[in-house]
Each structure stands twice: as structure tokens, then as C-alpha cells.
Amino acid sequence: MPTLADLSPGQSATVTAVTGAPALVQRLYEFGLIEGERVEVVARAPLGDPIDLRVGNSRLSLRRAEATGIAVEPT
């Protein structure tokens, strides 16, 4: 299954699962990154880390290691 780290700028997807350390998962939920939510990759740093996302009306930057724990279904 693809992860958020696999998407290119401009692509959007629906979150299907969030995995990782319990504190990280809780923090991502607080930012609105929950199962069923639509996310869009806005930009990626030149070396691929961090990844800039749009979640609802918010923007969020994640490290590549954190993004690999978020399973998505491209739309």
C-alpha cells in the first residue's frame, strides 16, 4: 500500500491508516490527519525532506520518516 512519502507534489490521496509511536499518532490526529481525510502534497524540499501537506484548510510539514507511517489511497 502506498504511503504519504510516495506521493509527488500536486497529488492528493485519502488517509487509510496512521501508524507509529503512540505520541506521534496522537499528535497527527490532533492536526486533523485521520483516516478518511483527504490530503494533498503541496511541496517537497529539494532532498525530499520535509514534505509540505494541505489537510483541510491547514498546512502541515512532516519528515519523510513520519510520512512513511501514513498509508494512503491516491485519488
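When Leu53, Leu47 are checked against the criterion of being surrounded by 15 or more Cβ atoms within 10 Å (Cβ to Cβ) and either without any contact (Cβ under 8 Å) to a residue 60 or more places away in the chain or assigned to a strand (DSSP E or B) (or both), Leu53 stands alone in meeting it. Against the test of being assigned to a loop (DSSP other than H, G, I, E, B), touching a residue at least 24 places away in the same chain (Cβ under 8 Å) and surrounded by 15 or more Cβ atoms within 10 Å (Cβ to Cβ), the options Leu28, Leu33 yield a single qualifying residue, Leu33. Residue check: Ser8 meets all listed conditions (1) within 9 Å of the chain's Cα centre (by Cα); (2) of a type in the set (S, T, N, Q); (3) assigned to a loop (DSSP other than H, G, I, E, B) but one, namely (1). For region 11-25, residues that are surrounded by 12 or more Cβ atoms within 10 Å (Cβ to Cβ) and in a helix (DSSP H, G or I) total 2. Counting only residues that are at pLDDT 95 or above, under 17 Å from Thr68 (Cβ atoms) and touching a Lys or Arg at 6+ places or on another chain (Cβ under 9 Å), region 15-49 holds 3 of them. When every residue of region 24-33 is checked against the conditions, none turns out to be of a type in the set (Lys, Arg) and touching a strand residue (DSSP E or B) at 6+ places or on another chain (Cβ under 6 Å).
The values are calculated or read from the model by the stated rules, or taken from the named source; none is laboratory data. Since we're looking at a predicted model, the values are computed, not measured. When we count neighbours, we look across all protein chains shown, and the Cβ atoms used for this are built from the backbone with ideal geometry, even at glycine.
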